[in-house]
Amino acid sequence: MDGLWRAVCATAGRGWPVFPTVAGAKRPAVADWERWASTDPDRLRVWWARSEWSNPAVATGRAGLVVLDLDDPARHGRPGEEHGVRVLERVTGRRAPATFTVRTPNNGLHLYFTAPDSVVLHNSASRLGPSIDTRAHGGYVLAAGSVTPDGRYETEVDTEVRSLPPLLVEALTPPPPVDAVVVVTDASAGAYLRAALAGEVRRIRDAEPGTRRASLLRAAGRMGRLPGLTDAAIVTALREASEPHMADGAYSLVERERAIADGIAWGRRRPRRITVTR
């Protein structure tokens, strides 16, 4: 119990509200845990006196955190797939930032970041790519020092918690919850699609350093949602728009082509509703 209580105190000492899980497991032992998660020593003592083998879990939203959960697929019966670390590097075009990091028992990593002030982020599953989930508002992670039947959660990088990089903020920002039906006439349908494509081209060209690859990915996704645009038209326009960033070294040729292809594929699975009238 001493080790778990030290983990509780260390986590709450960082200012992160915690709550107990079922002993030795990940399931919350407290109803309405996000509301009741706390850093108050008296409340924590009461909880852990009742169940000394409970793990401390961090309520990420209450803590002002976004935690990237990078899985090792080989430890989950998916050999041959990329580790979440590699996927993150491929998506962002750079190594993961040095921030407070916890290694999970199954060789995964929890990367802790401070949440942005500009947008409220919630949990996500594979939004950034395979083997990457995120925990933010509405989510929690087991703290360093927790123990499950698979093993112990250990601090891997003990450093300050960095801000969530802008390109990840942009990539994790959810789209508007409901699409309006776009109604166009036969005569204006082509003009609507050209204007939409031109708008995405401008967004790519105007993207700030640090957001350029994410901007390209999101533009490809939005254009992929428009059934009237062919893949070839999207690829041609986005390649041309991205050339200045390629020249600046924002991403490689392979990274650019992968971002465009992944974005279009995502959009094709989520087509917008466009009604053409005569």
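For the reader, a short list of remarks on this structure follows.
- Every residue from the stretch 33-50 that is in a loop (DSSP other than H, G, I, E, B) and either within 25 Å of Asn106 (Cβ to Cβ) or not assigned by TED's automatic domain parsing to the domain that holds Tyr140 (or both): Ala37
- Within the stretch 214-254, the residues that satisfy the criterion of being within 21 Å of Arg268 (Cα to Cα) and touching a residue at least 60 places away in the same chain (Cβ under 8 Å) are Ala214, Leu217.
- Exclusive hit being out of contact with any Lys or Arg (no Cβ under 9 Å at 6 or more places or on another chain) and under 16 Å from Thr155 (Cβ atoms), set Pro41, Pro73, Pro28, Pro56: Pro56
- Asp40 falls short on exactly one of the conditions (1) surrounded by fewer than 22 Cβ atoms within 10 Å (Cβ to Cβ); (2) of a type outside the set (Val, Ile, Thr); (3) over 26 Å from Asp117 (Cβ atoms), and that condition is (3).
- Yes/no for Val8 being under 13 Å from Tyr140 (Cα atoms), buried (at least 22 other Cβ atoms within 10 Å of the Cβ), in the same structural domain as Thr155 (by TED's automatic domain parsing) and at pLDDT 95 or above: no
- Test: residue in the stretch 203-226 that is of a type in the set (Gly, Ala, Ser), over 23 Å from Val91 (Cα atoms), modelled with pLDDT of 85 or more and not assigned by TED's automatic domain parsing to the domain that holds Arg94: no
- Only a single criterion out of (1) assigned to a helix (DSSP H, G or I); (2) touching a Ser or Thr at 6+ places or on another chain (Cβ under 9 Å); (3) not polar (S, T, N, Q) is not satisfied by Leu238, namely (2).
- If you filter the stretch 59-79 down to residues that are among the small types (Gly, Ala, Ser) and assigned to a loop (DSSP other than H, G, I, E, B), you find that the one that is farthest from Pro28 (Cα to Cα) is Gly77.
- In the stretch 96-193, counting only strands (runs of 3 or more DSSP E) that sit wholly within it, the ones holding 3 or more residues that are at pLDDT 85 or above span 101-103, 109-114, 132-135, 140-142, 154-157.
- Test: residue in the stretch 4-13 that is part of a loop (DSSP other than H, G, I, E, B) and touching a strand residue (DSSP E or B) at 6+ places or on another chain (Cβ under 8 Å): no
- Val30 being surrounded by 13 or more Cβ atoms within 10 Å (Cβ to Cβ) and either modelled with pLDDT of 95 or more or part of a strand (DSSP E or B) (or both): no
- Any hit, the stretch 167-177, residues being surrounded by fewer than 18 Cβ atoms within 10 Å (Cβ to Cβ), aliphatic (A, V, I, L, M) and at negative phi: no
The values are calculated or read from the model by the stated rules, or taken from the named source; none is laboratory data. All values derive from a computational prediction rather than experimental measurement. Backbone-built Cβ (ideal geometry, glycine too); neighbour counts: all protein chains shown.
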